[in-house]
Amino acid sequence: MGDHDPDAKHDERGGADAIDRDRVEYDPNPDNRGLWLSMAIGALGLLMIVQSVALDLVASQFWNAVLVGAALLSIGAYNSSRRSKAEFGSAGLAVFAAVIGLWLVVGPFLIGPEGGLFAAANEIGAWNDVIVGLLAIGLGTYSAAKTRDRRRDADARETATFDRRGH
């Protein structure tokens, strides 16, 4: 039956009079696990933004790199923030990072690096997109799978208040 003593003083479903013995604290991610994954996804986004500024890309590649980089940076920052507070990251956002990575891999082959005066920079930018995309697919998929597994293994809810019936 565990630690629950049915004869102990309990309140009737929480409220201001709940005693400490009636509450079980929820600490799903005490070691901030997965923080490095979120930070790596954010770093990939930052790399995309720096690439768009450092290389003299054509307009379509430039804006693609900036928007995708901002999305990856935002996903990484949000999940890092959650995980640094001992919470789980968002598995849905990690999957979205993987989908963005898929776009980065196929985008240069669908659109192609545009020619012109800066063809070499555009080709470097296209291959950088493919490499960053493969990394985003791997990190996003792994992060989503780990988040799902850890969430399944964690306690059920933030606080549990027991009443006299042990519920």
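The values are calculated or read from the model by the stated rules, or taken from the named source; none is laboratory data. In this text, all values refer to a predicted model and were calculated from it rather than measured experimentally. Heavy atoms of the whole protein, side chains included, go into the accessibility calculation; ligands, DNA and RNA do not. Shrake-Rupley method; radii C 1.70, N 1.55, O 1.52, S 1.80 Å.
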Original post:
Leaving out ligands, DNA and RNA, what percent of the accessible area of the stretch 67-116 is carbon and sulfur, probe 1.4 Å?
Top reply: 73 percent
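May I ask you to compute the full-extension gain from residue 77 to residue 60, defined as 0.36 nm times their residue separation minus their alpha-carbon distance, rounded to one decimal in nm? Show your work: numbers first, answer last.
On the way: separation 17, 0.36 × 17 = 6.12 nm, distance 2.55 nm.
Going from the current span to full extension adds 3.6 nm.
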